[in-house]
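Step one of this worksheet: look at the structure below.
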Amino acid sequence: MNTVQGTKMPSPIFIGRWTARVLFSLKDRPHRHGELRRNIGSVSQRMLTRTLRNLETAGLIARRVSGSKAIAVEYSLTQLGRSIIAPLGAMCRWAKRYYRAVTADVYFPKEYDAQ
């Protein structure tokens, strides 16, 4: 637990390599784990699971388990998660514009292409 003089500190939101891709993939509709993995591409199952857990802990996505004969887990954006899409898109446009000065890998969703 992160505490400073007895107050609880919020957990930080880490923007990792797969974070933006997961968030943009969930923008239009919920997806199951396998759908997300196919949508995103070369992410490993372990890394996708870790990213999903981190985003769930941060309150940006919700995990819903539907109980039938086969258990299905579906991920969707929370209201907080939906609110980060526009600023994240702006950051992606900025990074695309200044990509030569940026040393990290940058993901550019098609709908946020710089003009």
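The values are calculated or read from the model by the stated rules, or taken from the named source; none is laboratory data. Everything quoted here is computed from the prediction, not taken from an experiment. Backbone-built Cβ (ideal geometry, glycine too); neighbour counts: all protein chains shown. Only protein heavy atoms, including side chains, enter the accessible area calculation; ligands, DNA and RNA are left aside. Shrake-Rupley method; radii C 1.70, N 1.55, O 1.52, S 1.80 Å.
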Residue list for the stretch 78-100, restricted to those being open to solvent by less than 30 Å² (accessible area, probe 1.4 Å) and over 15 Å from W18 (Cβ atoms): I85, G89, A95
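Could you tell me how many of the residues in the stretch 52-64 are over 11 Å from H33 (Cβ atoms) and assigned to a helix (DSSP H, G or I)?
The number of residues fulfilling the criteria is 5.
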Residue by residue through the stretch 52-77, note down the ones that are β-branched (V, I, T) and open to solvent by less than 40 Å² (accessible area, probe 1.4 Å). I61, V73
Hits in the stretch 43-90 (condition: over 13 Å from the mean Cα position of the chain (by Cα) and in contact (Cβ under 8 Å) with a residue 40 or more places away in the chain): A72, V73, E74
